[in-house]
Amino acid sequence: MTGLAYFLISTIVLVQTADQPDARQPTRFPELGLRLVEPTPALLERFGLDPKAQGVLVRGIDPDGRADQGGIEIGMLITDAAGRKVTNLAEFRAAIAQKKPKTDTIVRILKKSKAEFRVLIDH
C-alpha cells in the first residue's frame, strides 16, 4: 500500500469514528418496543443527563409499541425496571426476565435531571 492510500484510509476511518461518538449498536427489546445502549459520557452529555447517572439509555422506540404507548422517549435513561435498579444491559435483561408474565412493567427514568415513572402496559 502506498503512503497516500494509507493516509486516505486512515483519514476516512478517523472521520467516521469522530462523527459517531455514540456508535454503539443498540440492543433490541422487541417485547417492549425498545432499543437500549449503555451510555457513554458523550451520550449522557448529548441528552443533558448527569455525567454520573447510571442506567440504560433509550436509543430507539418502535412506533405504537409498549414503550411508545407508555411515553418513553429517545434520550431517557432507565434507572429501574420491574422493581430492580439497573445500571447496565445485563441488569435490565435480568429485571425484565424475573417479571411475572402478563404484568405491566414499571420503569423509573431520568429525563434530563427530572426523575419520573412510566408504565409499559402488557397487552
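The values are calculated or read from the model by the stated rules, or taken from the named source; none is laboratory data. Predicted, not measured: the structure shown is a model, and the values here were computed from it. Backbone-built Cβ (ideal geometry, glycine too); neighbour counts: all protein chains shown.
When residue 96 is tested against (1) among the β-branched types (Val, Ile, Thr); (2) over 21 Å from residue 123 (Cβ atoms); (3) in a helix (DSSP H, G or I), only condition (2) is not met. If we keep just the residues of the stretch 76-123 that are small (Gly, Ala, Ser) and buried (at least 17 other Cβ atoms within 10 Å of the Cβ), which is farthest from residue 64 (Cα to Cα)? Filtering the stretch 76-123 for residues that are small (Gly, Ala, Ser) and buried (at least 17 other Cβ atoms within 10 Å of the Cβ), the one farthest from residue 64 (Cα to Cα) comes out as 95. When residues in the stretch 53-67 are screened for being within 11 Å of residue 118 (Cβ to Cβ) and either out of contact with any helix residue (DSSP H, G or I) (no Cβ under 8 Å at 6 or more places or on another chain) or among the basic types (Lys, Arg) (or both), 2 of them pass. Taken over the stretch 69-89, the residue count meeting the criterion of being outside any strand (DSSP E or B) and either touching a residue at least 60 places away in the same chain (Cβ under 8 Å) or within 20 Å of residue 52 (Cβ to Cβ) (or both) is 6.
The condition (being at pLDDT 95 or above, in contact with an Asp or Glu (Cβ under 9 Å, 6 or more places away or on another chain) and farther than 15 Å from residue 28 by Cα) is satisfied by just one residue among 108, 59, 118: 108. Taking the conditions (1) crowded, with 18+ Cβ neighbours inside 10 Å; (2) modelled with pLDDT under 95 in turn, residue 21 satisfies each one other than (1). Scanning the stretch 40-59 turns up at least one residue that is surrounded by 14 or more Cβ atoms within 10 Å (Cβ to Cβ) and on the phi > 0 side of the Ramachandran plot. Determine, yes or no, whether residue 115 is aliphatic (A, V, I, L, M) and part of a helix (DSSP H, G or I). Considered against the rule, which asks whether it is aliphatic (A, V, I, L, M) and part of a helix (DSSP H, G or I), residue 115 comes out as no.
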